[in-house]
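Here the structure comes first, spelled out in structure tokens, and everything after it is commentary.
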Amino acid sequence: MKRAVLSLFWCIPIAAFAAAASPDNEISYLLNVVRTSAVTFVRNGEDHTAPEAAAHMQKKRDHFEKEIKSAEDFIDKAASRSLLSGKEYVIRFSDGSTCSCSDWLLAILKQFRGAETSGQ
């Protein structure tokens, strides 16, 4: 019995790491960051709250479900530009500075992956 419990103990970290590195987990992480961030999302010239932006990105993720195979695909298809106008989504920070949503999310993804590989 003790041996079975120890075997399970060693499987948990490996399974957790594999799950953490999956595209679905990375996309869920990005959506959670968007949902809880303290920035303004500008889409087609209109300001949107973080929860509104996350909901919109989730709808686009659902729409492009078959085409999204990675977190980068999610950013490209669902979180970077308007399908209707082609305008880039913009992030506005509290100090008034801005950057493209895709650049912001790619930086967050890079940081997340770095934390995953370093075990943080």
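Every number in this text was worked out from the coordinates using simple rules, so none of it is lab data. The model shown is predicted, which means the values in this text are computed figures rather than measured ones. Here Cβ is always computed from backbone atoms with ideal geometry, including for glycine, and neighbour counts include all displayed protein chains.
Listed values for region 55-63 are Karplus-derived 3J(HN,Hα) couplings in whole Hz (6.51 cos²θ - 1.76 cosθ + 1.60, θ = phi - 60°), namely 5, 5, 5, 5, 4, 5, 4, 4, 5, and x replaces Gly and Pro.
Among 109, 30, the order by Cβ neighbours within 10 angstrom, fewest to most, reads 109, 30. Size estimate for region 22-118 follows the Kirkwood approach: the inverse of mean 1/r over distinct Cα pairs works out to 13.4 Å.
State the number of lysine pairs found in region 22-118 whose Cα atoms come within less than 21 Å, restricting to pairs 8 or more positions apart or on distinct chains. Close lysine pairs found across region 22-118: 11.
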